[in-house]
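Take a look at the structure below.
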Amino acid sequence: GHEIEDPECRGVHSAGMPGPASKRRIPVSQPGMADPHQLFDDTSSAQSRGYGAPRAASGLGYPASSPSSQAAFLADPVSNMAMAYGSSLAAQGKELVDKNIDRFIPVTKLKYYFAVDTVYVGKKLGLLVFPYLHQDWEVQYQQDTPVAPRFDVNAPDLYIPAMAFITYILVAGLALGTQDRFSPDLLGLQASSALAWLALEVLAILLSLYLVTVNTDLTTIDLVAFLGYKYVGMIGGVLMGLLFGKTGYYLVLGWCCVSIFVFMIRTLRLKILAEAAAEGVPVRGARNQLRMYLTMAVAAAQPLLMYWLTFHLVR
């Protein structure tokens, strides 16, 4: 580049020192020029070459997208209208599904059936095994709404039936394993059979209530809860069968069968026959007799199913 005269050399020459005036050439880099001693451009720094940063429209490469174009797209009234229409369709579809599900199974009320605590579970299990000493079978209400199960031992719940069903499947697998008959297919058949019988019971009772024209506050979940209590006695019978053989099985299962029969009679008669009394139906009327027979049939079906679902597990 340019030649720059060294000040020291100029001062010595002016003092009369002999020798030629020496000038040192110092390369000065022009703005925008690379280092003359560098063979290749340094591309390791993204900022030094402009990588990673948005390029100007006049530079090399593709121009960066302007945020104003995205804002214009979002501000498009047609897009906003389409988004609003899609949201309304999704809300209507969700509401329609919720209504159809609640017609058969009130999903929104499931929290009530699982509102239990340890004290309630202990009292309820004792009531299922020893229902003979219990006197007050009325369900407590608070402003026309039944109180949560943890506050009333007579209220139906789904916690005990659900846990009892799972435990019954595990105990059935244990029983099959001790007899060298365990297989996943057989265990699945055991579970599906129990669920099928439960569904068949619920459908039969609902159909019977419809034919007899019973106006009752029994819901589908109430029936599932009451019918699911029989798994508690089934577990006890199978466990005693594993420990003490068929003698223990028949003794414990027989006791549990009688207990569940008494429990169902005293519980369902308040749900079915009490409605008839409130409607002014005579006690010895034909319709009331049908309701009584229906209550007896539901209660009598529980011991039969308890034996049918467990007798092959004990040998």
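The values are calculated or read from the model by the stated rules, or taken from the named source; none is laboratory data. Bear in mind that the values here come from a model prediction, so they are computed numbers and not experimental data. Positions of Cβ are backbone-derived with ideal geometry, glycine not excepted, and every protein chain shown enters the neighbour counts. Ligands, DNA and RNA are stripped out before the accessible areas are found, and what is left, the full protein with its side chains, is counted by its heavy atoms. Shrake-Rupley method; radii C 1.70, N 1.55, O 1.52, S 1.80 Å.
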(request) Given the conditions (1) closer than 25 Å to LEU125 by Cβ; (2) at pLDDT 95 or above; (3) small (Gly, Ala, Ser), report the number of the one that SER192 does not fulfil. (result) (1)
(request) State all residues of the range 157-192 that are open to solvent by 60 Å² or more (accessible area, probe 1.4 Å), without any contact (Cβ under 8 Å) to a residue 60 or more places away in the chain and within 30 Å of VAL119 (Cβ to Cβ); if no residue qualifies, say none. (result) TYR159, MET163, ILE166, LEU170
(message) It is to be established whether one or more residues within the range 109-119 are at pLDDT below 65 and either surrounded by fewer than 10 Cβ atoms within 10 Å (Cβ to Cβ) or touching a helix residue (DSSP H, G or I) at 6+ places or on another chain (Cβ under 7 Å) (or both).
(response) no
(message) Given the options PHE244, PHE226, name the one that is in contact (Cβ under 8 Å) with a residue 40 or more places away in the chain and at negative phi.
(response) PHE226
(request) For the range 120-133, enumerate the residues that are open to solvent by less than 50 Å² (accessible area, probe 1.4 Å) and either acidic (Asp, Glu) or over 24 Å from the mean Cα position of the chain (by Cα) (or both). (result) GLY122, LYS124, GLY126, LEU127, LEU128, VAL129, PRO131
(message) Between a residue in the range 254-274 that is free of Cβ contacts under 8 Å to residues at least 24 places away in the same chain and small (Gly, Ala, Ser) and any residue that is open to solvent by less than 20 Å² (accessible area, probe 1.4 Å) and part of a helix (DSSP H, G or I), which pairs come within a Cβ distance under 9 Å, given they are 6 or more apart or on different chains?
(response) GLY254/GLY237
(request) Kindly establish whether GLN142 is under 17 Å from THR267 (Cβ atoms), open to solvent by 70 Å² or more (accessible area, probe 1.4 Å) and without any contact (Cβ under 8 Å) to a residue 12 or more places away in the chain. (result) no
